[in-house]
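The values are calculated or read from the model by the stated rules, or taken from the named source; none is laboratory data. Source: prediction; values computed, not measured. FYI the Cβ positions are ideal-geometry reconstructions off the backbone, even for glycines, and counts take in every protein chain you see. These accessible areas exclude ligands, DNA and RNA; they are computed on the full protein's heavy atoms, side chains included. Shrake-Rupley method; radii C 1.70, N 1.55, O 1.52, S 1.80 Å.
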Amino acid sequence: MVEQKPRQVASNDWGTVTYHPEWKTLELKWTPATRSMDDDGFKTTLRLLADQGLELRPTCVIVDSTEFFHRPGEGVLAWRDENIVPLYNRAGIQKFAFLSPESMPGTVEKGGEPAPDGPATFPTAWFETRDRMYAWLMAEA
């Protein structure tokens, strides 16, 4: 079998989207440039990820938020629920994981449980370590 290497499929000033064909996983890695990102940049980057999801049909999505510094404004997360999450549902996402700094409350390591977020048809979980995140993503549902 030919090894399928990860490949960058999209990027902008605030993040890079990589597809891992071996795991059927799409990953958004936010960059430190999110310190100066506005809500439009946030929305644009989420749409970039969702569009790649519709094209590549991954099983899982990872958002590496370890270098994410933007604080979404009022109504932005409701916009995400209305405009982005339905695209993830349509793409057939089965699990969605955030890799976050250790300071994040509600991570699996702190006792948080995977659960659907808003209108999502798939569970979302927050993790402090890649090992725990990968174990959850690769476990049978």
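Side notes on the structure shown:
- Average accessible surface area per residue within the range 24-134, 1.4 Å rolling probe, Å²: 49
- Alpha-carbon Debye profile of the chain, log10 I(q)/I(0) at 0.09, 0.14, 0.21 Å⁻¹: -0.25, -0.63, -1.53
- Sites Leu54 and Glu102 - FRET efficiency at Förster radius 30 Å, r taken between beta-carbons, to 0.05: 0.35
- Here the chain has 51 percent of its accessible surface on carbon and sulfur atoms, given a 1.4 Å probe and all protein chains in place.
- Each residue was assigned an accessible area with a 1.4 Å probe, and for Trp126 the value is about 80 Å².
- Equivalent-ellipsoid semi-axes of the range 60-100, from the Cα gyration tensor, Å, largest first: 19, 17, 5
- The range 1-82: radius of gyration and largest Cα-Cα distance (Dmax), Å: 13.4, 49
- Charge dipole magnitude, Cβ of K and R +1, D and E -1 - the chain, Cα centre, debye nearest 20: 280
- Here the chain carries DSSP beta bridges of which approximately 45% are antiparallel, counting only pairs with both residues inside.
- GNM flexibility winner over the chain from Gly75, Gly53, Gly15 (Cα, springs under 10 Å): Gly75
- Its Cα centre serving as origin, the range 69-141 has a Cβ charge dipole (Lys and Arg +1, Asp and Glu -1) of approximately 160 debye.
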